[in-house]
Every structure is written in C-alpha cells, then in structure tokens.
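I have placed the structure first, in the form of structure tokens, so that the comments after it can refer back to it.
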Amino acid sequence: MSMETAVTANIIATFLMVLTYTYLYFQYKHTYLAMWMIAWILHEIRIVFFEISFIERSSVPLIIIFLLLCYSYNLLMTMGTLKLVGKRVPRLWIISSIIILLVSTSAMLMEMPTEVYIVPGIVYIGLTYIGTGIVVREVNIRGLGKRLTTWAFILLGLHTLDMPFLLSVSWFVPWGYLIDGLLRSIVAIGTVFIYFEKMRNELATKEKYYRLLAENATDVIYRYQLLAPAGFEYISPAVKQLTGYEAADLKTFRAVMRIIHRDDRTKFKKLLKSPPGFNESAILRMEHKNGDMVWVEPKQTIVSASDGKPVAVEGIIRDVTKRVLLEQDVARLDRLNIVGQMAANLAHEVRNPLTTVRGYLQLFRNKQEFQHYNEQFNLILDELDRTNHIITEYLALSKDKSINMKQCSLNEIILSIHPLIQADAVSSNIETSLELGKIPDLYLDAKEIKQLLLNLTRNAIEAMSSGGRLHIRTDTAADEIVLTVTDQGPGIPQQILDNLGKPFLTTKATGTGLGMAICYRIAHRHNAQLDIDTGPAGTKIYIRFQRS
C-alpha cells in the first residue's frame, strides 16, 4: 500500500467524522460533542497540511504548530470522552502537556536532535490514550460502545508508543498510518455508541420517573385522543380512588360519560372540544361507584400537530369535593351571620322594653292590693331575669368586640374571682381548691378571663352531686401556660362532646347552651387552645395559653 492511499483514506475518514460530530453538536448542543467536533477539525488540519507535503516541516514555527495540533486533538478527544462518562481529566495530564510542549519548544530552539522534542510528546499522548481507555473501562456503563472505546483507546495508545521504533520501517509506515486512522475512527464510533446508549438510558430513567410520578399522583392525569379512533389513551391509576373504577374500565368516551352527572355532561363535552387553558377551570360532578357524589375540577390543554390541527387533549382532574362543601358551608355561614346580626339587633331592642316591664312589675308587687299575687309576680320576675340573662349571653357571643389586652397575672385574676366561685360551690355543698403554680405574666383581658372562669366553674359545679370537689390549677408545660379546671362529675357523653361549643347546645333544663360557646370564643380571642379530657371519674378542661 502506498503512503498517498493511506493518507487519502485517513483524510476522507476524518472529514466524515467532522461532518458527523458537527451535525450531532448542532442537533443536541452538548459540550463534549463540541470538544469532539473541534478535535476532529484540528486533526483534519494536521493531516492535510502536515502529512502531505503542502508545506515544509523544517521551520521551528511549523513544528510548534504541528505539536500544538497534536496535543490539542489529544486533550479535546480525551476530555470529551471523559466528560461523556462523567469523569474529569486529571490535572496532571494538562500540566504535563504544557511542560512537554515547553520542553519540546526549547529543544527545537536549541537545535537538539529530533528525538529529544518528538519522543516525549509521543510518550505523553500514548499514555493519555491508554489512561483514557482504562478510565472508560472502569465506568459503570454497559454496551458495545464502552468495549469499542476502551480497547480502541488502549490500542491507539500502544500504537502511538511504537511509532519511534517503527517509523524507520518503510514498508510498515503506510500500514501504521492506516491503523492509526482506523483506531481513531473506532474511538469516534465507540464514543457515538456510548453517547446514544447514555441518551437511551437517560430517556428510560426519565420515562420510568415520570410514569411513577403520574401513577403515584393524587390527581388523575389523562390524555384523550381526538383523531379516530377517539378515546382515552392514558388515565392514571388515581382514577380508582376518585371514582371507584379501574382505569381500564374508562377507556371509552361512553364509559366516562356514564359516571359524569347528567346535568354536567354537556359541559364535559364542551371541555373536550375546546378546553380552557391551565389557568382556567370548571367544576363537574361525578358519581362514585359506591353512589357518592364527587366534585372534580378538570384542567386541560389541547395538543396540536405541526399544522396546528388539534390531535389530543391532555390534562389533570382534581378532587375538590372538600373544597366545594367547605365553600357551601361558608356561604351558609355568611347567610347565618346576617341572620345572627339581625337577631342581635332585635335582641337589643327587646331588652329595653323588658327593663320597663320589670320595673312596673316590681312596682305593682309592692302595692297592698296585689299582695295576694306575690308568688305569681316573683315567677314572672324570675322568668324576665332568665330572659335577660339569655339575651346578655347571646349578645356576648354575637358581638365581635375588641379586647383590652394587658400584661397581668393569671393567678391574681383567679384569686380575685375565687370568693364568687366559692360562694357558688358552698351553696351546692361543693368543695373548692386552688393549686397555683409559679407562672409568668400573660397578655390577657381580665374581664373576659373572669367570664371564662365563671362559665367553666359553674358548669363544673352543676355537673357534680353534693360533696364533690372542684380543683383549679395553673402550671407551665413546654412553651405553654396551662389553666386546668377539674370536677368529679359523671363526665360528658360522647354525643355532647362531639358538638360541644355549638350555640344553644345544653343538657340542663334551665341552660341557655351559650356558656361553652362563649368559653371557646374567649379562648380563641386570646390565641389559646381549649381541650377537654372527660370520663366517668370526672372532667378536666385545659386552657393552654402561649407564653408569647
């Protein structure tokens, strides 16, 4: 084989590599593809201008250019390959290339023998090729590309190292040149294989990740094909929890329409034909397999072909049943709030004439001619007082009044109201006790805390039979100050406990059902938490105040 044939084959093969890597880089924009593209361009320049005698290599500048092209190709090729497999080029390799280039240049300037400035570079390049092959071999990548690249780099390194020994064998030079080009081409092909195997693995991993994401999402993810045959191409498994049906049961449009509420089917059809974007939504009703009504919010977008023609609808369906029911409750509460405000105003207006009626009744009761009706007058006055008490508690509950918060001692508030609590307890033959711990001052409205204590202690006293014991305790726990009111009553029934705090809920014949509601309201205004622990041996009510 002639030298011209080997060089021509090398030039053609290198040109094909330049075209291949240029296309791959502009297609995928990866850094290592750019490195390979530049490396093959530099290699093409080197073999065109230095392997064919278009220019003489005798001058020092041209030899320096030749060496720069060799080192640059070597570094870019190895750097690109190592970057592809997730490794970095050892810093020693880069430093060594600079040192060898400087030594070779100095040797040329000093007109030393050719072996002095050529052999170190050959050894360096050969060793880096072998090192790159070994690194690729240790990488956790499978496939033909890894094996081709590993052995091609190692053989190329060995072939580079044998160049000083075989360069003088004239019959082997063309073959050596051809082998060099062949090994470089195999390296290029192997790295391309590794690249596409890596891309395939990454795509498989991402596909698995997104499938797991879709299958584990609480929202239903779907794709509906608009073109014939129309139908649902994909429905995520979350549809089972939403509707009670398997995804396979809802592949057809007719199957889905069966579970859409009949009043929302027209709306659902319009959504599929011209769905709103992801920033808009519509609420639909679906019938669960168990007969329950489920409110859902679909959000979708149209997928169009390159010509702009819609081909599919992709979207999600979210269960908004709790939100819809909550919105309905809020709307109902708003209406009740208006009624409550009107009732509060009405109660205030009723209270004024009651005061007048009570005054006249007291006046008539004291007259001599009505002495025979004292019992009836006392009954009427008691009922009027009871009515006034109900109105007072109702107004206290309905008013969203501001509170006068001051830094004060909870223990002192308890001590100041204890005589009144004790008087109520003595009248019912109930024993009271205090256990006031060392606690810091809190920001409180003293009047409201007194009202809270009176309501809780009166409920406790009324819940106990004669001889019971009422215990009031204050203590610290973590970041809280805890006020505890304990009684020895029979406990609160579960059906009452579940609804405790609701206005007008009472178990007492003469109760208003507003006392505990007011307690919850006062606790809420003080950012405190009211907890209840009840059982047959008695009830403990905890008011937990935050230190701050």
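Quick note: the coordinates plus some simple rules give every number you see, no bench work behind them. The structure displayed is predicted, hence computed values, not measured ones. Heads up, the Cβs are rebuilt from the backbone with ideal geometry, glycines too, and the neighbour counts pull from every protein chain shown.
Worth a mention:
- Measure of compaction for the stretch 167-315 (Cα Rg per 2.2 N^0.38 Å): 1.80
- Dipole magnitude of the stretch 185-284, debye to nearest 20 (Cβ charges: Lys/Arg +1, Asp/Glu -1, about Cα centre): 380 debye
- Compared with the alpha-carbon gap, the fully stretched path from residue 352 to residue 103 is longer by 78.5 nm at 0.36 nm per residue.
- Calculated FRET efficiency for the pair residue 207/residue 147, C-beta based, R₀ 45 Å, to 0.05: 0.95
- Whole-angstrom gap from the stretch 74-100 to the stretch 419-494, using each part's C-alpha centre: 80 Å
- Compared with the dominant principal axis of the Cα atoms in the chain, helix 114-138 is inclined by about 40°.
- Inter-site label distance for residue 15 and residue 411 at 7 Å from Cα along Cβ, in nm: 10.0 nm
- Note on the stretch 3-209: with charges restricted to the Cβ of Lys and Arg (+1) and Asp and Glu (-1), its dipole about the Cα centre is near 1120 debye.
- Charge dipole magnitude, Cβ of K and R +1, D and E -1 - the chain, Cα centre, debye nearest 20: 1000 debye
- Net charge over other residues, Cβ less than 11 angstrom from the Cβ of residue 136 (K, R count +1; D, E count -1): +3
- Length released on extending from residue 288 to residue 426, taking residue separation times 0.36 nm less the Cα-Cα span: 43.7 nm
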